[in-house]
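Here the structure comes first, spelled out in structure tokens, and everything after it is commentary.
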Amino acid sequence: GTFKRMLSYFKNYYIQILIALVCVAVSALANVASNYFLKPIINEAILPFVGSKSPDYARLATILITMVVIYAVGTLASYFQSRLLGDMAADIQQRIRTQVFDHMQTLPLKYYDTHSIGDMMSRYTNDIGTLRQMLSQALPNLLSSVITFVGVFTTMLFLSWKLMLIVIVMLIFTALVLRLITKHSVSFFIKQQRTTGQVNGYIQEMIDGQKVIKVFCHENKAMEEFAEKNEELRQNMSKAN
């Protein structure tokens with residue numbers, strides 16, 4: 001349901017998304033293609049030099065120029081993809097933040113009595129910022145990884161199916177380990193977001209009540225409580241990452 005709500009924000013960005021997806025694909029394919037050239041540059045351009053008194057650098061120069069062009073195209077595609085998705089994510093972030101602020105004006109006083117102001121501030125900063133990062137980085141990286149995987153898999157099949165089988169076995173093992181790690185890390189990411197709001201809420205309350213803290217000599221107790229909350233946040237962030 002949350003993902004469907006997110007898709008509704010993409011209505012006005014179909015052209016930008018399409019161009020960005022093409023750029024992601026070009027960048028990923030350029031990366032795969034450049035890796036493929038490692039074989040001919042060694043077999044066809046470097047090994048013939050061994051023991052040769054008058055080596056011909058024409059083949060080496062041709063391959064190197066081709067690799068430079070491929071890298072340049074991939075770099076430009078990556079740049080335009082980052083610009084397009086970065087601008088789109090910033091616009092969506094602005095819209096969401098505006099909607100959240102407008103919604104706050106409709107909430108009853110009871111809500112503000114039962115929720116920490118710092119936790120609400122964390123929604124504007126950490127949560128929406130994390131959402132922007134997902135739109136501008138995580139999703140394109142996921143697509144790029146899929147394309148790279150397919151391209152590398154095809155290249156490996158073409159070069160050596162025996163070595164490819166070894167890689168497949170290692171990939172299965174890696175996938176099982178990652179699945180186990182992800183299963184446990186998700187809960188820590190949730191705790192990280194929750195404790196981030198708690199820490200921000202406590203900081204906000206302590207700043208607002210600094211005069212009262214000074215009058216009643218509550219500084220040491222405040223530092224102890226903050227240290228506990230900060231340590232819990234550190235542990236959750238470390239385990240999540």
Quiz item: Of these, TYR79, TYR112, which one is of a type in the set (Ser, Thr, Tyr) and over 20 Å from the mean Cα position of the chain (by Cα)?
Solution: TYR112
Quiz item: Using beta carbons and a limit of 8 Å, which pairs, at least six apart or on different chains, have the first residue in the stretch 150-163 and closer than 10 Å to TYR36 by Cα and the second one among the basic types (Lys, Arg)?
Solution: LEU159/LYS39
Quiz item: Conditions: (1) free of Cβ contacts under 8 Å to residues at least 40 places away in the same chain; (2) in a helix (DSSP H, G or I). GLY118 meets all but one. Number of the miss?
Solution: (1)
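Okay, residues lined up against (1) surrounded by 11 or more Cβ atoms within 10 Å (Cβ to Cβ); (2) closer than 30 Å to GLU205 by Cβ:
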residue	(1), (2)
ILE15	no, no
ALA25	yes, no
LEU29	yes, no
LEU47	yes, no
VAL68	yes, no
LEU84	yes, no
THR98	no, yes
LYS110	no, yes
Exercise. Tell me which of these ARG59 doesn't satisfy, since it passes every other one: (1) farther than 17 Å from LEU135 by Cα; (2) in a helix (DSSP H, G or I); (3) open to solvent by less than 70 Å² (accessible area, probe 1.4 Å); (4) in contact with a helix residue (DSSP H, G or I) (Cβ under 6 Å, 6 or more places away or on another chain).
Key: (3)
Exercise. Being under 15 Å from CYS23 (Cα atoms) and not acidic (Asp, Glu) narrows it down to one of ARG83, ARG95, so name that one.
Key: ARG83
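Just to check your reading of the model, which residue among ILE65, ILE92, ILE128 is under 24 Å from PHE37 (Cβ atoms), part of a helix (DSSP H, G or I) and among the β-branched types (Val, Ile, Thr)? If you could, list the steps in order and put the result at the bottom.
Details: ILE92 fails: under 24 Å from PHE37 (Cβ atoms); ILE128 fails: under 24 Å from PHE37 (Cβ atoms).
The conditions single out ILE65.
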Quiz item: Only one residue in ASN141, ASN200 is surrounded by fewer than 16 Cβ atoms within 10 Å (Cβ to Cβ), in a helix (DSSP H, G or I) and of a type in the set (S, T, N, Q). Which one?
Solution: ASN141
Quiz prompt | Sole exception among (1) over 18 Å from SER8 (Cβ atoms); (2) in a helix (DSSP H, G or I); (3) not polar (S, T, N, Q) for LEU135, by number | solution = (1)
Quiz prompt | Subset of the stretch 112-126 (residues that are among the aromatic types (Phe, Trp, Tyr) and exposed (fewer than 13 other Cβ atoms within 10 Å of the Cβ)) | solution = TYR112
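Would you be able to say whether some residue in the stretch 32-41 is open to solvent by less than 30 Å² (accessible area, probe 1.4 Å) and closer than 22 Å to SER144 by Cα?
Of all residues in the stretch 32-41, those open to solvent by less than 30 Å² (accessible area, probe 1.4 Å) come to 32, 34, 40-41.
The next check asks that each one be closer than 22 Å to SER144 by Cα; those that pass are 32, 34.
Yes, that holds for at least one residue.
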Practice problem: Only residues in the stretch 32-61 that are in contact (Cβ under 8 Å) with a residue 60 or more places away in the chain count as the first member; pair them with residues that are open to solvent by less than 50 Å² (accessible area, probe 1.4 Å) and of a type in the set (S, T, N, Q), Cβ under 8 angstrom, at least 6 apart or cross-chain, and list the lot. | Solution: VAL32/THR148; VAL32/THR155; ASN35/THR155; TYR36/THR155
Quiz item: Is the stretch 170-183 home to any residue that is open to solvent by less than 70 Å² (accessible area, probe 1.4 Å), within 22 Å of ASN43 (Cβ to Cβ) and in a helix (DSSP H, G or I)?
Solution: no
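Counting just the residues of the stretch 154-166 that are closer than 18 Å to ALA28 by Cβ, open to solvent by 70 Å² or more (accessible area, probe 1.4 Å) and among the hydrophobic types (A, V, I, L, M, F, W, C), which one comes out farthest from the chain's Cα centre (by Cα)? Steps first, please.
If we filter the stretch 154-166 for residues that are closer than 18 Å to ALA28 by Cβ, which is where we start, we get 154-158.
Next, only the ones that are open to solvent by 70 Å² or more (accessible area, probe 1.4 Å) stay: 154, 157-158.
After this cut, where a residue has to be among the hydrophobic types (A, V, I, L, M, F, W, C) as well, the list is 157-158.
Working: LEU157: 29, PHE158: 31 Å.
Among residues in the stretch 154-166 that are closer than 18 Å to ALA28 by Cβ, open to solvent by 70 Å² or more (accessible area, probe 1.4 Å) and among the hydrophobic types (A, V, I, L, M, F, W, C), the one farthest from the chain's Cα centre (by Cα) is PHE158.
The values are calculated or read from the model by the stated rules, or taken from the named source; none is laboratory data. As the structure is a prediction and not an experimental result, all values here were calculated from the model. Cβ: placed from backbone, ideal geometry, glycine included. Neighbour counts: every protein chain shown. For the accessible areas, the whole protein counts, side chains as well, though only heavy atoms, and no ligand, DNA or RNA atoms are used. Shrake-Rupley method; radii C 1.70, N 1.55, O 1.52, S 1.80 Å.
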